[in-house]
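Read through the structure below, which is laid out as structure tokens, and then see the notes.
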Amino acid sequence: METPTVLIISDEADFSRRITARWQMERNVPTFTLLSGELWPRFIVDVFDVAIVGELRRDLLSVVLEPLHSTGQPIFCVCHDAATAQLVRERWPRVNLLRPSEHWLETLTLAAAEAVHRSRSEARARAAESNCAALERQATLGRYMLEMRHNLNNALTSVLGNSDLVLLEPGSLSAQTRAQIETIRNMTLRIHEIMQRFSSLEKEMNVVAQQAGQDSCKSYAATAGN
């Protein structure tokens, strides 16, 4: 997956600088997108893992937090005064509030880093669920094809047999009609070969699955014996 992105919005340049500098001390450093409150409406970032909001003008607070809140992504807001904190708490309940204190930077960095990790884990889980659903659909289609191969082979046998019978009467067909029936016969043989390949694949996959099961049992027995 791509490197996670942390969006930092603040009218104070030092706020963004301190956060990015502190995050450099962590093991995993994300990509940072830094914006001021006035730039946010014109440069809306659609893809980010965590947003951190610092000091903003009061009239920009709603402009910034409203679209962020609707994304469902984790949001951290550092509020300097109690009135702003109360407003944020009431209007945007999902926002994680922090008040500047002695260790606020460490607390923010660690909490945001954990939120990034959780966000990426959830994204991987959603991708895995989507892949599993796609594989299940493909498996259902494969099972249906295997279940129907007997009926399809019977139909192919009928087409092949009747085309052979017609071709046994050389004088009753024009050259064009004969060529068309030969094409039908050849395509029928080709479809039959494909169906035979399905059967071979099924047998090969069963053998592989049995071998994997035996190897797993041997490995478990060896581990238990030790």
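The values are calculated or read from the model by the stated rules, or taken from the named source; none is laboratory data. This structure is a prediction, so every number in the text was calculated from the model and none was measured. Because the Cβ atoms are built from the backbone with ideal geometry, glycine has one as well, and the counts that use them run over all protein chains shown. Protein only, heavy atoms only, side chains kept; ligands, DNA and RNA dropped before computing areas. Shrake-Rupley method; radii C 1.70, N 1.55, O 1.52, S 1.80 Å.
Per-structure values
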| item | result |
| --- | --- |
| Residues (closer than 18 Å to SER10 by Cα and among the hydroxyl-bearing types (Ser, Thr, Tyr)) located in region 108-132 | THR109 |
| Any hit, region 114-135, residues being at pLDDT below 85, aliphatic (A, V, I, L, M), loosely packed, with under 12 Cβ neighbours inside 10 Å and part of a helix (DSSP H, G or I) | no |
| Hits in region 81-97 (condition: surrounded by 13 or more Cβ atoms within 10 Å (Cβ to Cβ) and in a loop (DSSP other than H, G, I, E, B)) | TRP92, ARG94, VAL95 |
| Residue in region 23-34 that is among the basic types (Lys, Arg), surrounded by fewer than 15 Cβ atoms within 10 Å (Cβ to Cβ) and either in a loop (DSSP other than H, G, I, E, B) or touching a residue at least 40 places away in the same chain (Cβ under 8 Å) (or both) present | yes |
| Qualifying residues in region 59-80 (those that are in a loop (DSSP other than H, G, I, E, B) and open to solvent by less than 40 Å² (accessible area, probe 1.4 Å)) - the one nearest to ALA123 (Cα to Cα) | PRO74 |
